[in-house]
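Peer 1: Starting off with a structure, shown below.
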Amino acid sequence: MNAPDRYERFVVPEGTKKVSYERDTKIVNAASFTVEREDHTIGNIVRMQLHRDPNVLFAGYKLPHPLQYKIVVRIHTTSHSSPTQAYNQAINDLDKELDYLKDAFEAEVSRVGQANQHQGF
Amino acid sequence: MEDTVSYQRLPKVRIREMRDDFMKFELRETDASMANALRRVMIAEVPTVAIDLVEISVNSSVLNDEFIAHRLGLIPLTSDNAMEMRFSRDCDSCDGDGQCEYCSVEFHLSAKCESDQTLDVTSADLHSVDHRVVPVDVQKAFDSDGYDPNQRGILIVKLRRGQELKLRAIARKGIGKDHAKWSPAATVTFMYEPQIHINEELMETLTFEEKESLVDSSPTKVFSIDPDTQQVVVMDAEAYTYDEEVIKKAESMGKPGLVEIYAKEDSFIFTVESTGAIKAPQLVINAIKVLQQKLDAVRLQDDNNFNELDAHLGGS
Amino acid sequence: MDPQQPEPVVYLCGDCGAECPLKSGDVIQCRDCGYRILYKKRTRRIVQYEAR
């Protein structure tokens, strides 16, 4: 009866920022990014991509509570980079990887599609 | 800023099997986070169309209204144009009621049993106003344009003489995260590709009976014995379920290292089964697109603490 | 509600299906067949449900 609407899990409420950023007060080049209405799908790929960046000293994400529909990504970098730079870089690289994967997959689908046609499928 | 550096990967794909409702492919040169993100998106975030609102005017069947409404919701509908449709919650051409042509499709059903024989009301009795959005089994029957007595549509309710069902239904775009009826995936799985090494030197010290019991120790048929050479060979590496039974068997025989099995951590074997709402290959492509849209949405916006960015860049 | 003129409600017989108008105080019984289980009629209004 009083259950929250299911769409609250993925619709960002009006007046709320999708991504907010907070610098660490004690450590330089460390920051936390709070991403609203996202979960392990985004959290884990961003974390793993950040680990590929040698300037990233620490990258981790957490889902603070299963009923709070947000994740917190924490990044600590060397002085050659910054958390925001590393975060943007990770997202750009993932986007490019998916672009490449989409083209590769579509090419493979048309190749197999033609092969299937020859076999009379 | 070092815009030229990139840690981007170039994943490789090879399709092994491809049908409309099933596919099996290899994904290589990426990691488990990417494989899992794709799996999760296929199950819960690729949009489809499903019946979401039902207006019942007559129902004298044995099933109550809610029960029928729920059953209608679960019927998979062809959703090839779902990516281009609008979610009714952010559709601006209809004022919030979610019943315009951009965000919804109307269905009508009217059935009455007039004979002494039980009347089956099925998905084939649902009449859509948009030919692109129809129950998947109806589309399938249409494509094969032959009447199949075993393919009579998805049963909704049975009517006896005098019973009647009349309703109007609205189908809307949605995602599996909201309700499982919108999930286009029946199952999506991936596994690490196993790499099996047999220590041939050590294997030669085994008797034929020992070899047989080693082969039989695996719960799935991974190994077999070559009838000519009497050697233990890997018959089907992918049948391995990471149960480690053969490894334990080798140890109990006093031959540790006889068989070594590693998971290749950058190679995945995917199986995708579709409900038919979206064809399996298109489902994977849509998942990639949706994941890209999600990544785009989590980019830092320009107004987002831009001054602090410079403060961080003190070193470089 | 005026207790002097109670409005009859039409029920359906559970056995023969005949219509059976009843007022308050009436015996709950079908006039045609005497069956004692009566059902309320379905509303004539269109009812809306979420298919969830």
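Rule-based calculations on the coordinates, nothing more; no lab input. Owing to the predicted nature of the structure, the values given are computational and were not obtained by experimental measurement. Here the Cβ positions follow ideal geometry from the backbone for every residue, glycine too, while neighbour counts run over all protein chains shown.
Peer 1: Sort chain B into rounded, prolate or oblate with this rule: let a ≥ b ≥ c be the square roots of the eigenvalues of the Cα gyration tensor; rounded if a/c is under 1.5, and if a/c is not under 1.5, prolate when a/b is larger than b/c, oblate otherwise.
Peer 2: Here chain B falls in the oblate category.
Peer 1: OK, next. If you find the alpha carbon centre of segment B:149-189 and of segment A:17-89, how far apart are they in angstrom?
Peer 2: 42 Å
Peer 1: Can you give the calculated 222 nm mean residue ellipticity of chain B, where each DSSP H run of n ≥ 4 adds -39,500 (n - 2.57) and the sum is split over every residue, rounded to the nearest 500 deg cm²/dmol?
Peer 2: When only DSSP H runs of four or more count, the value is -7000 deg cm²/dmol.
Peer 1: If I build a Gaussian network model for chain B, linking alpha-carbon pairs within less than 10 angstrom, which residue out of B:Ile285, B:Ile247, B:Ile269 has the largest mean-square fluctuation?
Peer 2: B:Ile247
Peer 1: With charges set only on the Cβ (+1 for Lys and Arg, -1 for Asp and Glu), what does the dipole of the protein assembly as shown come to about its Cα centre, in debye to the nearest 20?
Peer 2: 1660 debye
Peer 1: Listing A:Glu38, B:Glu210 from the residue with the fewest other Cβ atoms within 10 Å to the one with the most, what is the order?
Peer 2: Final ranking by Cβ density, sparse to dense: B:Glu210, A:Glu38.
Peer 1: Further question: If we sort A:89-97, B:159-167, B:233-241 on the protection proxy, mean other Cβ atoms within 10 Å, highest first, what's the order?
Peer 2: A:89-97, B:159-167, B:233-241
Peer 1: Can you tell me the FRET efficiency between B:Lys264 and B:Asp228 if r is taken as the Cβ-Cβ distance and R0 is 30 Å, rounded to the nearest 0.05?
Peer 2: 0.50
Peer 1: Could you compute the net charge surrounding B:Val233? Neighbours are other residues with a C-beta less than 11 Å from the C-beta of B:Val233; K and R count +1, D and E count -1.
Peer 2: Net of charged neighbours comes to -3.
Peer 1: Also: Can you give the local net charge around B:Val222? Use residues other than it whose beta-carbon is closer than 10 angstrom to its beta-carbon, Lys and Arg +1, Asp and Glu -1.
Peer 2: -3
Peer 1: Tally Lys/Arg at +1 and Asp/Glu at -1 over every other residue whose Cβ is under 14 Å from the Cβ of B:Gly254; what's the total?
Peer 2: Charge balance near B:Gly254 sits at +1.
Peer 1: For a test of the definition: using alpha carbon positions, the gyration tensor, and the 1.5 limit on a/c, classify the protein assembly as shown as rounded, prolate or oblate.
Peer 2: The shape class here is oblate.
Peer 1: Around B:Val58, which amide H atoms from residues at least 5 apart in sequence, or from another chain, sit under 5 Å from its own amide H, with H modelled in the peptide plane?
Peer 2: Answer set, sorted by chain and number: B:Lys166.
Peer 1: Under the definition of partner shielding as Cβ atoms of other protein chains within 10 Å of a residue Cβ, what is the mean value for peptide A:37-48?
Peer 2: Across the residues of A:37-48, the mean count of other-chain Cβ atoms within 10 Å is 6.
Peer 1: Ok, one more. Quick check: from the Cα gyration tensor, does chain C come out rounded (a/c under 1.5), prolate or oblate?
Peer 2: Verdict is oblate for chain C.
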